[in-house]
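The values are calculated or read from the model by the stated rules, or taken from the named source; none is laboratory data. Everything numeric here is computed off the predicted structure, so don't read it as measured data. Cβ atoms come from the backbone with ideal geometry, glycine included; neighbour counts cover every protein chain shown. For the accessible areas, the whole protein counts, side chains as well, though only heavy atoms, and no ligand, DNA or RNA atoms are used. Shrake-Rupley method; radii C 1.70, N 1.55, O 1.52, S 1.80 Å.
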Amino acid sequence: MEVAGSAASASRVSVPTASSSAFIGTFGVVLALIAFFLVFDAFVARIDTEEARSRALSGYREGTRLLAAGQLGDAAEQFRTAASMDRENLTYKVALARVTLRKGDTETAEGLLLAILQQDPTDGAANVLMARVLVEQRRIDDAIAYYHRAVYGRWRAGEGGSSLQARFELIDLLAAIKARKELLAELLPIQDQSLGDVALRDHIGFLFLLAESPARAADVFGQVLRKSPKDAEAAAGLGEASLALGEYATAENQLARAARLSPRDTAVTSSLELAHELVAMDPSRRGLRLQDRYQRTRRLLLLTVQTVARCPLDGAASATAAAADSALGRPRIKNGDALDDLVQSDLALSQRLWRMRPASCAVESSREEKALALLQDALARS
């Protein structure tokens, strides 16, 4: 009975329970420990990230130094390491793509650039590098599209490029493939840029000539000469623009100026001789006596007949050539009221015959025939 009583007595002993304040305190300590470890982990991760970024930057700088020294393979390894350590930094990936392209591995460079552009399609440097890859692959239309994206893309400081440089690369490409209309469209936005850079202004002026916009070219060269009167390139450029515009006296003066400034430039000398020929041939030159105008018109008609005679002509063109031969065979008129009418009729006959020649009728490289072609084109515009 005593044993039973002891058991009953033990069963009545109460189990101690925690108070609510103690429970809250314990829970708070647990939460604090969790927060501490989370903060600590974040702190350690941040230290690791900063260390990785620091090492990546160091590798990038070393790669840049090696690239400048021409050590492309070692530079590529440094850039690759930097890109793997800091995957969010596109500058390192772009640098790797750039040196890969310089090594001539266009296929690998294209793959790298596609990954970069998937991450940021507006990256200017990546777009211009992709355009260069496509030029190497002769995919010109695609290259032009990427150049446009580069021009209007986003450029980060320190990448060694700019929107303006991308536009000039595009301009040079368009000039090389003789896409004149597209070339002019790209030149117009930069016509008034870099006013203090004489060499760049000269380059822009000659590009306007390539784009068949001699009036704009003349304006650019004129601006340069007002600031730098002894710039031989600008004087030659203004002379060429004036030739294209039919302003032969101005062309002669400017090309003579360029020849004085750069006497060994054979291209300038050749253009100056062409200008002399045009000044001597032009029947529309102001101040000419009527008799002189008549003689020049007859010479223009004769040269046109001789040039077109080498080409196969259809019926209408043959009839016009016969009429021109007939006009050349008439007796010369020295004066009289009919002389001005003959000047006008011979000039019109010469222009009509020139327009009717076949497209395959090429102008020979002689100075006289070059002058004839320029003069006929100028008379057609007047």
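Descriptive notes on the structure:
- Just one of the listed residues (Leu339, Leu349) is at pLDDT 85 or above and either surrounded by 14 or more Cβ atoms within 10 Å (Cβ to Cβ) or farther than 30 Å from Glu247 by Cβ (or both), namely Leu349.
- Restricting the stretch 211-246 to residues that are more than 25 Å from the chain's Cα centre (by Cα) and farther than 23 Å from Leu372 by Cβ, the residue that is surrounded by the most Cβ atoms within 10 Å (Cβ to Cβ) is Ser228.
- Checked against the criterion of being open to solvent by 10 Å² or more (accessible area, probe 1.4 Å), at pLDDT below 95 and closer than 30 Å to Val94 by Cβ, the stretch 201-210 has at least one qualifying residue.
- Gln78 vs. criteria out of contact with any helix residue (DSSP H, G or I) (no Cβ under 9 Å at 6 or more places or on another chain) and either touching a residue at least 12 places away in the same chain (Cβ under 8 Å) or not aromatic (Phe, Trp, Tyr) (or both): no
- When the stretch 247-283 is filtered for residues that are outside any helix (DSSP H, G or I), free of Cβ contacts under 8 Å to residues at least 12 places away in the same chain and either open to solvent by less than 60 Å² (accessible area, probe 1.4 Å) or more than 26 Å from Ser345 (Cα to Cα) (or both), the ones remaining, listed by number, are Pro263, Arg264.
- Scanning the stretch 112-134 for residues that are open to solvent by 40 Å² or more (accessible area, probe 1.4 Å) and either in a helix (DSSP H, G or I) or of a type in the set (Gly, Ala, Ser) (or both) yields Leu112, Leu114, Ala115, Gln118, Gln119, Arg132.
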